[in-house]
Amino acid sequence: MKQRIAVLGSTGSIGANTLDVIARHPDRFEVFALSASSQVDLMLRQCLQFRPAFAVMAREDAGRALAARVESSGLATRVLWGAEALDTIAAHEQVDTVMASIVGAAGLSSCIAAARAGKKLLLANKEALVVGGELFLAAVKQGGARLLPIDSEHSAIFQSLPEDPATWDARVEKIILTASGGPFRTRDPATLRDVTPEEACAHPNWVMGRKISVDSATMMNKALEVIEARYLFGLAPQRLQVVIHPQSVIHSMVQYRDTSVVAQLGTPDMRVPIAYGLAWPGRVESGAQALDFATLADMSFESLESRGHRQRFPGLQLAWDSLAAAPGTPAVLNAANEMAVAAFLERRIRFDRIHAVNLATLEALVPSKPQSLQDLLALDADARRAAEAAIRALAD
């Protein structure tokens, strides 16, 4: 029987790569639903290729435009729009697996809906854990969902850990997340104020969306990944380490109590962790190029204490700081960073002021512990207002 899949965020890079893997295995996988924000032309092409039962657009104007074009194309796909429609397809009784790849806090509600419905949940939206934290994990437990990380780093950790989560704390010394260092790994920190959006989005190894590319350039993506790893794997924050590995061949590592290290290696291609998540506990061909060890360049590693990395990437420390602060603080950090990155891409603030916006927002809000999704969304909105005030104060 085919696995029926809802791809949330299908027009983004993760969504497109997911559909590429699915298309390679028509005997195993079937697209039941697709969702996107506003890219009507691309969504229509995806609907024509995969013929899903549902297509959901986040925006009403985009949804109405898609509905008209789907009808004229003779497709049987039902077009919906809005946040409630996203929740509907994520929890639909005919869906087996949900690929959650909507960028940012906008994907939180549908992730919780899928978790409560007990789906196999492939989590590419790290914000579900960064923002949702214990509430999201409670929904996973309540629904009996199977949570599989799709970020290359967290997929690598998951593949390197013992099969039984009950043994992780006793057997594992620490988790080591690798970071490429992005496009500015060797750049003089004093010159970062002059970085343009085009430079920040030019990642040396990975092809990604603009927001996550900027996060890689500031290493805020790694800060968010540290927070995500804390919730995914349950180890104390001090047992989470980051090391810079420019080649992006080792995607992350697990060091055991006996000092043995288990690592997952692969080409920097998101189809590898996507294929692993789709086929888990099996494996299928991903379409990625295999590593050729005969031609592989030397692999190198750099400590955060070397080469001025702490000065170059000050935002990374905010991961541990926010985990040690009041519950809800990681959600504030995430919202501030989303706002700051958007302002940078709109050329409203300089690159080096992304960190300043994050700091100012964290200082402006002391959250109380969120008790519900509504609490999280309210906290997110408060943080965005505080971040916007900081952006205006720091605007060039």
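The values are calculated or read from the model by the stated rules, or taken from the named source; none is laboratory data. Remember, predicted model here, so these are calculated numbers, not experimental data. Please note: Cβ atoms are built from the backbone with ideal geometry, for glycine as well, and neighbour counts cover all protein chains shown. Remember, those area values only see protein heavy atoms, side chains included, never the ligands or the DNA or RNA. Shrake-Rupley method; radii C 1.70, N 1.55, O 1.52, S 1.80 Å.
Taking a sphere under 11 Å around the Cβ of GLY328 and counting the other residues whose Cβ falls inside, with K and R at +1 and D and E at -1, yields a net charge of -3.
Just checking the listed ones, SER368, SER35, SER306: in the Gaussian network model of the chain with Cα springs under 10 Å, the one fluctuating most is SER306. Across region 374-387, computed HN-Hα scalar couplings (Karplus, 6.51 cos²θ - 1.76 cosθ + 1.60, θ = phi - 60°) run 4, 4, 5, 5, 5, 5, 4, 5, 4, 5, 5, 5, 5, 5 Hz from first to last residue, x flagging Gly and Pro.
Computed over the Cα atoms of the chain, what is the ratio Rg over Rh, Rh following Kirkwood? Don't skip to the answer; put the middle values down first.
On the way: Rg = 20.4 Å, Rh = 21.5 Å.
That ratio equals 0.95.
Summed over the residues of region 275-396 and divided among them, the accessible surface reaches 50 Å² per residue at a probe radius of 1.4 Å.
I'd like the carbon and sulfur percentage of the solvent accessible area for region 334-396, probe radius 1.4 Å, heavy atoms only, ligands and nucleic acids excluded.
Values: 1600 of 3030 Å².
Accessible surface attributable to carbon and sulfur in region 334-396 totals 53 percent.
A Gaussian network model of the chain, with springs between Cα atoms under 10 Å, assigns the largest mean-square fluctuation among PRO165, PRO327, PRO246 to PRO165. Calculate log10 I(q)/I(0) of region 27-165 for q = 0.12, 0.16 Å⁻¹, where I(q) comes from the Debye formula with a single equal point scatterer on each Cα and nothing for solvent. One equal scatterer on each Cα of region 27-165 leads to -0.50, -0.83. Between GLU84 and ASP258, full extension at 0.36 nm per residue minus the direct alpha carbon distance yields a gain of 57.7 nm.
Around CYS201, what is the net charge, scoring Lys/Arg as +1 and Asp/Glu as -1 over all other residues with Cβ under 10 Å from its Cβ? Don't skip to the answer; put the middle values down first.
Details: positive: ARG210, LYS211; negative: GLU198, GLU199.
So the environment of CYS201 carries a net charge of 0.
Note on LYS174: aspartates and glutamates with a C-alpha under 19 Å away, same-chain residues under 8 apart excluded, are ASP151, GLU153, GLU163, ASP164, GLU225, GLU228, ASP258, GLU302, GLU305, ASP321. In the context of the full set of protein chains, residues of region 124-217 present 40 Å² of accessible surface per residue (probe radius 1.4 Å, heavy atoms only).
Antiparallel versus total DSSP beta bridges in the chain: what percent is that, nearest 5?
Working: 11 of 42 bridges.
Taking every DSSP beta bridge within the chain, about 25 percent pair in antiparallel fashion.
According to the Cα gyration tensor, what semi-axes, each the square root of 5 times an eigenvalue, does the equivalent ellipsoid of region 240-396 have, listed from largest to smallest in whole Å?
For region 240-396, the semi-axes come out at 35, 21, 18 Å.
The spacing between region 185-200 and region 327-396, judged by their C-alpha centroids, is 22 Å. The fraction of accessible area contributed by carbon and sulfur in region 10-166 is 46 percent, rounded to a whole number (1.4 Å probe; ligands and nucleic acids excluded). If every alpha-carbon in region 188-289 counts as one equal scatterer, what log10 I(q)/I(0) does Debye give at q = 0.15, 0.17, 0.21, 0.25 1/Å? Debye output, listed in q order: -0.83, -1.03, -1.35, -1.45.
Show me the GluC sites (Glu not before Pro) within region 274-366 that DSSP assigns to loop and that have at most 14 other Cβ atoms within 10 Å of their Cβ. Spell out each step's value before the answer.
On the way: sites: GLU285, GLU302, GLU305, GLU338, GLU346, GLU363; in loops: GLU285, GLU305, GLU346.
Sites meeting the loop and neighbour criteria: GLU285, GLU305, GLU346.
Using a probe of 1.4 Å on the protein chains alone, the accessible area found for TRP280 is around 70 Å². For a label point 7 Å from the Cα of LEU377 along Cα→C-beta, name the residues of region 65-98 whose backbone N is under 20 Å from it. So the set is 80-92. Exposure check, 1.4 Å probe, all protein chains in place: THR218 carries approximately 20 Å² of accessible surface.
Each residue of region 67-83 is assigned a 3J(HN,Hα), and the resulting list reads 4, 5, 6, 5, 4, 5, 7, x, 6, 8, 4, 8, 9, 10, 8, x, 5 Hz, derived from the Karplus form 6.51 cos²θ - 1.76 cosθ + 1.60 (θ = phi - 60°), x at Gly and Pro.
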